[in-house]
Amino acid sequence: MGPIALFDKSFLQSLSVDESVWFDRFFLPNICPMFYVETLADLGKQKSKKGTPEAEVAIIADKFPEMGGRPCVHHKELCIGNLMGNPLPMNGRIPVAGGRPVKSGKGVGYVYDQSPEAEAFSRWSNHDFLELERRFARAWRSSLEILDLKELAGPFAALGITGKTCKSLSDAKAIANAIVNSRKKPYDQMKLVAVFLDIPQQLIPSIIQRWHISGFQPLSQYAPYAAYVLQIEIFFQVALAASLISTDRASNRQDIAYLYYLPFCSVFVSGDKLHRKTAPLFTRVDQSFVWGPELKSSLKDINSFYSALPEETKERGVMSFAGYPPTETDNLVAQLWDQHVGAEWRENPTISPPRGETKGNSKLIEHLKGTTEAPTLDMSELEELPSEPESVSFQYKIRKRKGSWYQIDKNMKNSNQDD
């Protein structure tokens, strides 16, 4: 498993289908809600010289990660849970919803069926769109057209935030950090939380009560993730007021939202200039911001390297022979593996031998099949949900062939289709 990679639409859109296979193979993509929304919103575009909106969305959907991508829970849900006292790791792991408890061996396991997002992208690649999706796309694009970023920046401009009082994006971050970490006027601070994070009014009393019991800790201690998202939002509005981020480009509103999901990755890859300027301000020391065109170039080199393999090797599928990035070309992908996985992976061969049906593999396959097909446990059967389940299984539907590549063995039977 490679580094967990958050990516934006501009990056995936820039890849060829073949390059997208290698991104999917050598990274664990964090599919954040903004990518889903941005892609769907393209349905609301007008027909252009490039083709119909449906065709543009289908092109992006054809590159959607299939071998290991995981959809991240929406930041609003995560913020509310965090404010209500639920801890949330911010160390690079992806918060995933929808797991169902099943009997696994002597304990309890979780099975994550194919996500609705993955099913939607599969439909979209075939130009199959629901009317509800089309209505959503039209509404989203309409909201962007009427969004006035100058109005959004108004409150901070009224407080005296200008290009003279806030001269850099680092200054904007410092202002946001000071507001979020202040222990003064906690009730006013909670008003900011409620407004900026769109917290339902009926939940505010319970949140304040819990916060009061904690002694009104700094928000960054009481609810670290909610504080982080609030910091991003204040930073954005301060930067708008100081003319450090343009108020003329409404799409900056949705682009900045990708930063909400930075805590849940090791690598953030984007071809967006706003991300290039702002993301490094919020990354942890163990994270990397990667410029999209540079990673695309590395994936192109990897594609060329594997294209030279014998046909009989390629027909076994990339999941069989490409367990690790090729060491023969010391490119950016290998460097990111060194940094975020550890250099130990280099001790393994680049191309694995054909995988036989060994006794060990058979037992593992049998166990996984038994777990994924097990009925969901009723809550009455459990005293409590385990914090450390015996197993966690994710189910994916993978096309046998994607672009020029067999992702799985060419001769593997598929009950639904031949290819």
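Coordinate-derived values only; no laboratory data. Since the model is a prediction, treat every value here as computed from it, not as a measurement. With ideal geometry, Cβ positions are generated from the backbone for all residues, glycine too; neighbour counts draw on all protein chains shown.
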**OP:** Extending each Cα 7 Å along its Cβ direction at LYS397 and MET412, get the distance between those two points in nm, one decimal.
**Re:** 1.6 nm
Original post:
To the nearest 0.05, how large is the calculated FRET efficiency for ARG123 and LYS300 if R₀ is 35 Å and r is the Cβ-Cβ distance?
Top reply: 0.75
Original post:
Non-local amide H neighbours of ARG401 (under 5 Å, H modeled in plane, Pro and chain starts lacking H): which ones?
Top reply: GLN407
Subject >> Placed amide H near VAL290: partners under 5 Å, 5+ positions off or other chain >> reply: PHE268, VAL269, SER270
Subject >> region 164-203 shape via C-alpha gyration tensor axes, a/c threshold 1.5 >> reply: prolate
**OP:** Run the dipole for region 148-249 about the Cα centre, Lys and Arg Cβ at +1, Asp and Glu Cβ at -1, nothing else charged, and hand back the magnitude in debye, nearest 20.
**Re:** 340 debye
Original post:
Based on the Cβ-Cβ distance of LYS164 and ARG249, what FRET efficiency does E = 1/(1 + (r/R0)^6) give at R0 = 25 Å, to the nearest 0.05?
Top reply: 0.65
**OP:** State, in angstrom, two size descriptors of region 189-231 derived from its alpha carbons: Rg to one decimal place and Dmax to the nearest whole number.
**Re:** 9.7, 24
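Just list whichever of LYS49/LYS296; LYS277/LYS397; LYS273/LYS397; LYS150/LYS296; LYS9/LYS49; LYS76/LYS185 have alpha carbons separated by over 27 Å in the model shown.
With Cα atoms farther than 27 Å apart: LYS277/LYS397; LYS273/LYS397; LYS150/LYS296.
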Original post:
With r defined as the distance between the Cβ atoms of ASP171 and ARG138 and R0 fixed at 51 Å, what FRET efficiency is calculated, to the nearest 0.05?
Top reply: 0.85
